[in-house]
Structures are given as structure tokens and as C-alpha cells.
Amino acid sequence: LSKFHTTDMKKTILSTVLILFLLLNVIIYNQAYNFTHFDEPGLERTGKAEDLSMLDKLGLLFTGVSMPKPTHTAQPQQPFETIFLQSYEKIEGWWIPNSEQKGIIVMGHGYSSNKSAVLGYSDEFQKLGYSTLLIDFMGSGGSGGYVTTVGFKEAKDVKMAYDWVKKKFPDEKIYLHGPSMAAASIMRAMQEYHLEPTAVMLECPFGSFRETTQIRFQAVGLPTFILPDILMIYGGLQIGFNPYKHRPVDYAKAIQCPTLLMFGEKDERVTLRETKAIFENLAGEKELVIFPKSSHQDYLINSRNEWIKTVSTFLAEN
């Protein structure tokens, strides 16, 4: 009887472990899908992980975050033209000309955002005499689709915007600017498509897709060992790319033009270690500026004067 009892116990334990393993995989599969796919516009968005209660965080394990497709909250105050470019999806952009046109700045936006979120930056560039082209990445704003690859495939969106400007204004200076995911997209575009802008301005790019995934797990109090890797594997299979190759820290080696790298000292999504590693790998003239009062956010919110002084000096010198 003792032998049979031991055998039954082993079967029960094995079955329990198997069920838990399958449940864990289902949970992570859903998390991966929700991380890279937007819902229909208009749905209520889940709050930041850091602000959720423990009960809410536990609920998100099973339901995943609600992330509606980002929609515009404003339009340019200056006269502008809406343009469309063909990338992996049909990409929408706002072309905002400036009569001075000291140069043209191609601009992108962060993860789960859209081009209206960087209008404040565009306004400041316009005051400095620069025309701006703001684009919605695939899946966001007025662009087609509901999928994001957090900067990997969005690199082609950057290329198409750069090519549009280069063809229309072959003799003008062209700059690239973007926060977070946009910075990663710009960096990959420069490596993958060999773009040659006059200079680039990058804000808080993550070092690698794996690192940014680990930080998001950490934000909800989950282990950062193994689980992020399972999510990356599922996410890569779902949207057709290798997330382990998405490494801005490596893309930096291909950037030979002058580069302004900016970082908020209170950033909760990107570490100073990642930022310094990227800065070390930049191949051309480079400058690192750290804003003590800013986190992973629009730097105009807490560091407006410092940001304006930094970018105006950088643009004047390049």
C-alpha cells in the first residue's frame, strides 16, 4: 500500500507541476500578445504598473494590460500637411514647414504613444527655425495596423520618412530625433539602412529588448529570470522577429554622425548603465546630457529650460 501511495503522490505532484507549467505558458503567451498588440481605440487603458495595487497586478497576470491603439490628442498649431508613406503598414506623418528652414528634423514617438505626443518638441524646434516631420509608427495614431515591435520593424518607418525628406529637400540638413522607442528605431534604421543624417538626438533608448522586458517584469513584482525570455520567444513568434537581435547598444556602433544622447536621472524604465553603454559604443562625435529632474518622460515637463538650451546648442554646432 505504501508503494502505491508513493506512486500516486508522485503522479499527483507531476500532474500539478505540468498544469502549473502549462498555465504559466498561457499567461506569458497572453502577456506577450498584449505587449505587442494594441486593442481597439477608445478602450480604457491600464495604468502604470508602479501605480497599481498588488491585487490589480495579480489580475493582470491573467488578463494582460489593456492598451488601446494610441490616438491623437492634438494637432499642430502651425500650418501643416498630412502625408502618407508605405512601410510595413501605411504610415501617417505631419509635415510642418518653417519659413527659415535651417534644417529638417524627422521625429518619432515612444511606445504606446503617437505623434501628437511630441508636438511640444516640434514647437520648440520650430521656434529655433527648423521644419519638422512627425510620423506615427506602425500601429499608432493615423498609421495602419495594431502591432508594435518596440522599435525593430519601426526602423523601416524611420527610413521611409528620411527618404521622403531627402528626396524632397536633397540639399537640406536632416536631423533625427526621438524618445525611447523612437530612439531605438532611429538607431536600428541607421545600422540596417545606412542612413546618413546630419546629426541625431536620442532620448532614453533602452540597451536591449531583453533588458527593457526584464524591467517591465520587475515593475509588477515578477521574477526577471527565465520569464522575460519566455515572453520574448512568444512575442517574437507572434510578430515575426528575433527580439534577441533588438539591441540599440549594438546599433550605436554604426552611428558615426554627431549624436546627442539625453537621459533623465529618475528614469524608471531605462538604467544609467544602459545609457552609458550606448554612449560608449557611439562611433562619432557624441555628447551625453543627464537631466536630474526628469524620469522616463517628455523632458519639457521637468527640464524644459535645460532641454531647450541643450538641443539649441547642439543644432547650432551641427
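The values are calculated or read from the model by the stated rules, or taken from the named source; none is laboratory data. None of these values were measured; they are calculated from a predicted model. So basically every Cβ, Gly included, is an ideal-geometry build from the backbone, and we count neighbours across all protein chains shown. Protein only, heavy atoms only, side chains kept; ligands, DNA and RNA dropped before computing areas. Shrake-Rupley method; radii C 1.70, N 1.55, O 1.52, S 1.80 Å.
Taking strands (runs of 3 or more DSSP E) that fall entirely within segment 80-197, which contain at least 2 residues that are β-branched (Val, Ile, Thr) and open to solvent by less than 30 Å² (accessible area, probe 1.4 Å)?
Numbers: elements: 81-86, 90-96, 104-107, 131-135, 174-179.
The strands (runs of 3 or more DSSP E) meeting that bar are 90-96, 104-107, 131-135.
What tally of residues in segment 264-302 results from selecting those that are assigned to a loop (DSSP other than H, G, I, E, B), open to solvent by 70 Å² or more (accessible area, probe 1.4 Å) and either within 15 Å of Val200 (Cα to Cα) or in contact (Cβ under 8 Å) with a residue 60 or more places away in the chain (or both)? Before you say what the answer is, go through the steps one by one.
Taking segment 264-302 and keeping what is assigned to a loop (DSSP other than H, G, I, E, B), we get 265-271, 282-285, 292-298.
If we keep only those that are open to solvent by 70 Å² or more (accessible area, probe 1.4 Å) too, we end up with 265-266, 285, 292-293.
Retained after the next criterion (residues that are either within 15 Å of Val200 (Cα to Cα) or in contact (Cβ under 8 Å) with a residue 60 or more places away in the chain (or both)): 285.
Total satisfying the criteria: 1.
Considering only residues that are aliphatic (A, V, I, L, M) and part of a helix (DSSP H, G or I), look in segment 244-263 and name the one that is farthest from the chain's Cα centre (by Cα).
Ala254
Consider only pairs whose beta carbons are under 6 Å apart and that are at least six residues apart or on different chains; among these, list those whose first residue lies in segment 199-212 and is closer than 14 Å to Gln256 by Cα and whose second residue is open to solvent by 10 Å² or more (accessible area, probe 1.4 Å).
Ala199/Cys257; Ala199/Pro258; Ala199/Asn318
Could you grab me the full set of residues in segment 198-207 that are more than 15 Å from Gly103 (Cβ to Cβ) and either among the aromatic types (Phe, Trp, Tyr) or surrounded by fewer than 22 Cβ atoms within 10 Å (Cβ to Cβ) (or both)?
If we filter segment 198-207 for residues that are more than 15 Å from Gly103 (Cβ to Cβ), which is where we start, we get 202-207.
The answer is Phe206, and nothing else.
Pull up segment 230-263, narrow it to residues that are surrounded by fewer than 16 Cβ atoms within 10 Å (Cβ to Cβ) and touching a Lys or Arg at 6+ places or on another chain (Cβ under 9 Å), then point me to the one that is modelled with the highest pLDDT.
Applying the filter and picking the extreme gives Tyr244.
Quick one: what pairs do we get from segment 117-136, first residue aromatic (Phe, Trp, Tyr), second surrounded by 24 or more Cβ atoms within 10 Å (Cβ to Cβ), C-beta under 6 Å, 6+ apart or different chains?
Phe125/Ile105; Phe125/Thr132; Tyr130/Ile105
If Pro223 passes every condition in (1) surrounded by fewer than 16 Cβ atoms within 10 Å (Cβ to Cβ); (2) touching a strand residue (DSSP E or B) at 6+ places or on another chain (Cβ under 7 Å) but one, which one does it miss?
(2)
Which numbered condition trips up Glu306, out of (1) buried (at least 19 other Cβ atoms within 10 Å of the Cβ); (2) modelled with pLDDT of 95 or more; (3) touching a Phe, Trp or Tyr at 6+ places or on another chain (Cβ under 6 Å)?
(1)
Can you tell me how many residues within segment 233-263 are polar (S, T, N, Q) and free of Cβ contacts under 8 Å to residues at least 12 places away in the same chain?
1
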